[in-house]
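The values are calculated or read from the model by the stated rules, or taken from the named source; none is laboratory data. Since this is a predicted model, take the numbers as computed values, not measurements. Positions of Cβ are generated from backbone atoms using ideal geometry, with glycine treated the same way; all protein chains shown enter the neighbour counts. Accessible surface areas use protein heavy atoms only, side chains included; no ligands, DNA or RNA. Shrake-Rupley method; radii C 1.70, N 1.55, O 1.52, S 1.80 Å.
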Amino acid sequence: MSQDQDKPGRSEINLGESEDDQEDNLDNPEQSVRKKIRQNTSSPSRGNMPQASPPQFVSVEELMETAKGVTNMVLAHEIVVNGGFQIKPAELPENSLEKRVRDIVHKAFWDCLEAQLKEDPPSYDHAIKLVGEIKEALLSFLLPGHTRLRNQITEALDLELIKQEAENGALDISKLAEFIIGMMGTLCAPARDEEIKKLKEIHEIVPLFRAIFSVLDLMKMDMANFAVSSIRPHLMQQSVEYERKKFQELCEKQPNSLVFVTEWLQETADDLRSKIPPAVSDSAASASGVPELCPVAVQNHAYLKLLKWDHLRKPFPEVIYVFKILLSQLCPQIQDNLHK
């Protein structure tokens, strides 16, 4: 039997092609392959759902940067809409693992400092590092025009000089603490005067350092809230443009970042279609056989669904993430009223 009989003929391979197409395939095989690909590839407009973008791999740095951008956008929105917004210290649950770990670490830290100070001769390495942190904190409270206070802090808390005094046994920790407390009283808000007064009543070094850092944290919180109140008028003027810009940057960096929005709107559209009577559905059906819906109706119904949203089990859509705090507070109240 000849080799031609063992191989299928071209007519058997291209049963669905016309004679003209077969001639074109022989003349230009590359063009034929491209044509078949176009024919076999479904167009996005043929389906009811838009085709998703291909998955993209992103680095941890890109994810962190995106998360930071979203956090800043939400924070700016909350500052604008909430006139009484204030930054508050994080309070951990009493019996939580995080609180227990934090307390153990803090206790070990201060026990180490106390052990070094009780050595003979005392070791001030740990204490000098703490003085350096206190110095940086005090300098962070100063404005550019506070030149005199800056010089006072720099001279009194000169770490190199303090190290030399410690090596020669001439370091007076109580004198340093007295200067630090006095400078804190100068820089703090009037509401912290009572805490400063309590610091002056502590005479043991380790409890004093611990209390100083506690009051410094409160002063940082006061400074942050002052900054928030200062920038609020400027944010109110630029909030819309700022949020639009940040959201556009988010979409450009993460093209597949609107997954929950797509699910939210698709579920809403399916819900509305299921409520259309059959007669109306047949008359309103489009060429694809799917009833056409008014975009405004889908949008309004989607927003109504948010009032009954179970935010503990299902994330909020990305486009309304800036309202996450408000919605998480309103949803339980609305659900409670509906059940009454």
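Charge tally for Val215 (other residues, Cβ to Cβ under 9 Å; Lys, Arg +1; Asp, Glu -1): 0. When each of the peptides 95-104, 120-129 is scored by the mean number of other C-beta atoms lying within 10 Å of its residues, the order from highest to lowest reads 120-129, 95-104. The stretch 80-151 and the stretch 184-259 have Cα centres lying 15 Å from one another. Working note: Karplus 6.51/-1.76/1.60 with θ = phi - 60° gives the stretch 178-185 the couplings 5, 5, 4, 5, x, 5, 4, x Hz, where Gly and Pro are set to x. For the stretch 97-163, the fraction of 1.4 Å probe accessible surface lying on carbon and sulfur atoms is 57 percent.
Annotation: peptides 163-174, 130-141, 218-229, ranked by per-residue average of other Cβ atoms within 10 Å with the highest first, follow the order 130-141, 218-229, 163-174.
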